[in-house]
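Asker: Sharing a structure with you now.
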Amino acid sequence: MAIGEKKSRSFPVTVLIFLFLVVTAGGYLVLQYWRTYFISEKIHLDQAIENLTREFLLSEISIQETSPALAGQLIFYDSQGRALHSEAFEMGGTDLYVEFLFLSWSYGTNTFVFGYPLRVYSDVVAPADGVEVFDPYTNRLFRGGEIEKLAYFLVSGKDVEEVTIQKRDTIALHQYPGKSWQKGRYEVIYRQNGTVELREK
């Protein structure tokens, strides 16, 4: 009997040791999971901040002639830096205007901006008589990837789940008074905070 009693007493101790090891291993795995989770969340946060400050090439303007008319070529890009549409232009005047629609939208707590070219005109060519580029640009957006399709849906007024359109801004970029266009290349840079810059290459 004494031997049997000794065996029955040692059994719970073995179980307790086993349970302790299981709990310890489980706790370690849980800690590792949360550590990985927080690292992952930090990476996502960093990416969101980068998206809010990153620059995008929206358009490239090549001026080939400045007199007696402004003439050249425009290339319009998507947010991934892919050329979507090109347009040749020639019109009277000395100041070229390139008009864009900027759409601010939010997903979750992050705000983003998509830019869409509308038309090209000059100081003597009215917007209604300028070169329209909106339709061919957005038609190519629809044939692009997921980001391009989202841009197309938003500008088309279609509802996109969990996305809220905050505002629409129309901006006409041109040279500031006293500075004329020169032969060469220019870039239209826009940022996810909504600012736009005309930059000479």
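The values are calculated or read from the model by the stated rules, or taken from the named source; none is laboratory data. These figures come from a predicted structure and were not determined experimentally. Cβ sites come from the backbone with ideal geometry, for glycine too, and all protein chains shown count toward neighbours. Note: accessible area is taken over every heavy atom of the protein model, side chains too, but ligands, DNA and RNA are not part of it. Shrake-Rupley method; radii C 1.70, N 1.55, O 1.52, S 1.80 Å.
Asker: Which residue out of Leu141, Leu173 is touching a strand residue (DSSP E or B) at 6+ places or on another chain (Cβ under 6 Å) and not β-branched (Val, Ile, Thr)?
Answerer: The match here is Leu173.
Asker: Mind listing whichever residues of the stretch 130-157 are open to solvent by 80 Å² or more (accessible area, probe 1.4 Å), in a helix (DSSP H, G or I) and under 19 Å from Ile61 (Cβ atoms)?
Answerer: Result: Arg140, single match.
Asker: So for the stretch 77-85 (the condition being open to solvent by 90 Å² or more (accessible area, probe 1.4 Å) and modelled with pLDDT under 90), does at least one residue qualify?
Answerer: Yes, some residue in the stretch 77-85 is open to solvent by 90 Å² or more (accessible area, probe 1.4 Å) and modelled with pLDDT under 90.
Asker: Answer yes or no as to whether Lys183 is in contact with a strand residue (DSSP E or B) (Cβ under 6 Å, 6 or more places away or on another chain) and farther than 14 Å from Leu103 by Cβ.
Answerer: yes
Asker: Of the conditions (1) over 20 Å from Ser59 (Cα atoms); (2) in a strand (DSSP E or B); (3) open to solvent by 60 Å² or more (accessible area, probe 1.4 Å), Ser106 clears all except one; give me its number.
Answerer: It fails just one condition, (3).
Asker: Which residue out of Val120, Val188, Val125, Val160 is of a type in the set (A, V, I, L, M, F, W, C), open to solvent by less than 60 Å² (accessible area, probe 1.4 Å), under 22 Å from Glu87 (Cβ atoms) and outside any strand (DSSP E or B)?
Answerer: The match here is Val125.
Asker: Within the stretch 65-76, take every residue that is part of a loop (DSSP other than H, G, I, E, B) and over 13 Å from Tyr186 (Cβ atoms) and give me the one that is least open to solvent (accessible area, probe 1.4 Å).
Answerer: So, considering only residues that are part of a loop (DSSP other than H, G, I, E, B) and over 13 Å from Tyr186 (Cβ atoms), the one least open to solvent (accessible area, probe 1.4 Å) is Ala69.
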